[in-house]
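Structure record follows, encoded as structure tokens.
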Amino acid sequence: MSGRPAKGGGRWVVVPPGRVHPWIDGFAERHGPFTASGDGRVVRLRAGDGAQAELHVPFPPMPAGPPHVGRLVAHVRAERRVGVFLVRLGGYAAGVFHGDVLLASKVGSRLVQGRTAAGGWSQQRFARRRRNQASQAYDDAVETAVRVLSPHLGELEAVVLGGDRRAVDALRRDRRLAPLLALEAEPFLVVPDPRLAVLRDTPSTFRAVRVRVLDPPPFDPPPEPAP
């Protein structure tokens, strides 16, 4: 749950689904009693010392209204059926999860030459071969996603994409993916080569709650009285 700076101030913390309630309890221990407000997408905590936390709801919207914390915890713990499609140049993975359990999956790879020509080939010939390899790799990735995810389309609540953004964007125009992309949900999963172990670990990210934490303002003690 390490933090990183947030644009506009504060820091981002990613809290796994099983740790949301303990994290909120820890916020109260560190900063004192708080008030909660929010809507179907964000729950806001404001403590008496000025500290604030914005908890962004995964798979929004959730039912709005109090008790905000209780609704958020119940929403996060729900075991949804989610499709995951990961793509990097030369590698891909698709899987269907129920909660943290991987129900169906396929992982594959295809050789795509690096960007530098070697072996005395002309640069033009090398570039053409590389384009053909990339095209075939992307086609294999799309076929895999359709084969693994489409049979579950009526049951999926969302499809989460990941890998390399440029690789994923290159596939968006493929009409075979249109029914799956219609269910696309955040977050985009930036992951290394999409191997089976990487795919299995994705629920810890796509089910997590992203929290923007704003620490209390510094305390300035009153000036000492003049002698």
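The values are calculated or read from the model by the stated rules, or taken from the named source; none is laboratory data. Quantities reported herein were computed from a predicted structural model and do not represent experimental measurements. Positions of Cβ are generated from backbone atoms using ideal geometry, with glycine treated the same way; all protein chains shown enter the neighbour counts. Heads up: the accessible areas ignore ligands, DNA and RNA and are worked out on the full protein's heavy atoms, side chains in. Shrake-Rupley method; radii C 1.70, N 1.55, O 1.52, S 1.80 Å.
Of note:
- Separation of the residue 147 and residue 105 label points, Cα + 7 Å toward Cβ, nm: 1.7
- Fully extended contour minus Cα-Cα distance, from residue 12 to residue 98, at 0.36 nm per residue: 28.3 nm
- Think of a 1.4 Å ball rolled over the protein heavy atoms: the range 158-200 then has 59 Å² of accessible area per residue.
- Efficiency of FRET from Cβ geometry, residue 196 and residue 21, R₀ 22 Å, rounded to 0.05: 0.10
- Averaged over its residues, the range 1-51 has an accessible area of 58 Å² per residue, based on protein heavy atoms and a 1.4 Å probe.
- The range 18-39-the range 141-214 distance, computed between alpha-carbon centres (Å): 30
- Two-site FRET efficiency, residue 165 against residue 46, from Cβ-Cβ distance with R₀ of 30 Å, rounded to 0.05: 0.30
- Here the range 1-67 exposes an accessible surface that is 56 percent carbon and sulfur, computed with a 1.4 Å probe and the other protein chains kept in place.
- Farthest positive-ward along the range 8-106 dipole, Cα basis, beta-carbon charges - from 51, 27, 103: 103
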